[in-house]
Amino acid sequence: KEEEEKKDDEEVKEDKISIEHLFTFDCPETEGRMVSSIDINIQNPDLIAVGYGEYDINCTDDKLLKPGLLCFWTLKNPKFPERIIRTDHSITCCQFSKKQPHLVAVGDSHGNISIFNVRDTENNLPFVSSKDIANKHTDIIWEIMGPEENKAEALISISGDGRIVEWSMKKGLEYSDLKQLKRE
């Protein structure tokens, strides 16, 4: 009888596709938080950057929204992140640099771009930010993309303000509009 049940179980497994839950990346700081972006480090595939952000387009009071978190998880320790960076506003996107994998760019719900150096363990502040730049994005950053392999280190951001902007890190953080979409 046991052999028949075992055989039936094997037949069921062959007929159905299933996903096996291996582990959960969760800790008290991230419990109940919304994951808004994930990126894997190209140089160290065990290092995962996860952006947490809670945003409500209709909310006009920032005090009602939780600030953002940027957590660096490893497959070696799914119980607690290796590092947590807190941001003023909800993180909407993040991406490791392809050319300098110790740098991670973050976009937030207030149109800010920030770049953090993961090697700098003493400081959780961005080493460059668009926060105080005139004519930065005025709306939520939806996507950050790294440069093509043959281009100099630069970022391209897409925002809800209708602009596509290229950011250069040669002298701080400088920008140039690639495209301005007209709103009707």
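The values are calculated or read from the model by the stated rules, or taken from the named source; none is laboratory data. Computed from a predicted model, the values in this text were never measured in an experiment. Side chains are part of the model used for accessible areas, which takes the heavy atoms of the whole protein and leaves out ligands, DNA and RNA. Shrake-Rupley method; radii C 1.70, N 1.55, O 1.52, S 1.80 Å.
To the nearest 10 square angstrom, how much accessible area does Arg86 have with a 1.4 angstrom probe?
Counting only protein heavy atoms, the figure is 150 Å².
What's the Cα-based Rg to Rh of the range 24-159, Rh via Kirkwood? Don't jump to the answer; show the numbers that get you there.
Details: Rg = 14.5 Å, Rh = 15.2 Å.
So for the range 24-159, dividing Rg by the Kirkwood Rh gives 0.95.
With a 1.4 Å probe and all protein chains kept in place, how much accessible area does Glu29 have, in Å² rounded to the nearest 10?
Result for Glu29: roughly 60 Å² accessible.
Spelling out what I want: for every residue of the range 121-136, take phi, set θ = phi - 60°, compute 6.51 cos²θ - 1.76 cosθ + 1.60 (Karplus), and round to whole Hz; glycine and proline get x.
Computed from phi, the couplings for the range 121-136 are 7, 7, 10, 9, 9, x, 7, 9, 8, 8, 3, 9, 8, 5, 6, 5 Hz.
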